[in-house]
Structures are given as structure tokens and as C-alpha cells.
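No lab work stands behind these numbers, since they all come straight from the coordinates. Model, not experiment: these values are computed from the prediction. Positions of Cβ are backbone-derived with ideal geometry, glycine not excepted, and every protein chain shown enters the neighbour counts.
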Amino acid sequence: MAALRKLARPLLAAPFVTGALRTLRRPEAVAEVPHPVIRAVGKRVPALAGDPQQLVRVASTIQVAAGLLFATGRAPRLAALTLAAALVPTSLTTHAFWTVEDPDERARQRAHFLTDLSALGGLLIAAADTHGKPSLAYRSRHALDHRHPVKAVRRPVETAAVTTAHRAKAVAASLTGSR
């Protein structure tokens, strides 16, 4: 599995890094596409109502950084979540096929949108990947059990004893009730 991860991560990160680098070189080419979204968000969050080109540069820089981190295996779960979070508004603004009138262009935009959805699915799987190791939540729940092995054994034994006692009472009740 480790070899598969080393191959798959750069493949999944490549479109994000190359697209974001292209956008960083020419932000004016794509700054007008998210402009309606920026205006709508700017009404609710005034700090984000600034220059669309500057926001596109910031978003692209975040995508390049997260893509490189993900491709190299540095903080891959956080990088995958960052890329997924960046992908959603990008897809909704650049591939809004439901607003296109021309059937050919609509089909093309729908295909791009579905491709972005598949990338989102891959990123979410990557964000959940723990490399076969227990998750942080599991490790934190069981941290005390590893420091106190007696407690780690005592809890399941007590639970099993209570369960067995309940079953024994139920069997005894069914035997005495049936005679």
C-alpha cells in the first residue's frame, strides 16, 4: 500500500498544482469567473469583498502549497482536506453547467464538473486514510488503556461477566417458567 500511496498522491495533486500555478501567472484570466460569488460572499463577510485578483492569487497559493504537501506526503490528510475545501467553490463557479444555454457547452461543463466531483471523492478518501494506523480519535480513546494494562483488561472482563450473568438469569428463568 505504501508504494500505491507514493504513486497516487502526486497523480491526484498534479492538476491542482499545475492549474494553480497557471492561475498565479495570469490571475486576470480567471478573476472574472468567481466575481459573482466573491460579491455574494463579500456581502456577508466584508473582509472577503476585496480585489478578485488578489483573492484568486491567495486561493491559488493555497492550492499550490497544499498540492505540494499532498504530493510529497507531508501532512497528507490536512493537505487533502485543504484541496477539497478549495475545490468546491472553484467547481461551483467555473463549471456551473446548470447556467449554460448551449447544449454542447452544457455537456462539456457537466463533464468538467463531474471530473471535479470525482477528484473531490478521491481527496476525501485520502483525507480519511490513516496508513493502516489507528485514527487519532481511536488512539486518544485508548490512551489510558495502554498506560494501565490492568484497567484495559478489567473493563472488558467486567462487561463480559455482567452479560453472562444476565444471560444465565434469563436461561434460569426460562427453565423454571417452563416446568
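Evaluating LEU24 against the criteria (1) in contact with a Ser or Thr (Cβ under 7 Å, 6 or more places away or on another chain); (2) under 30 Å from LEU136 (Cα atoms) leaves one unmet condition, (2). Pairing each residue of the range 116-140 that is more than 20 Å from LEU12 (Cβ to Cβ) with any residue that is among the hydroxyl-bearing types (Ser, Thr, Tyr), provided the two are 6+ apart or on different chains, yields C-beta distances under 9 Å for LEU136/THR130; TYR138/THR130.
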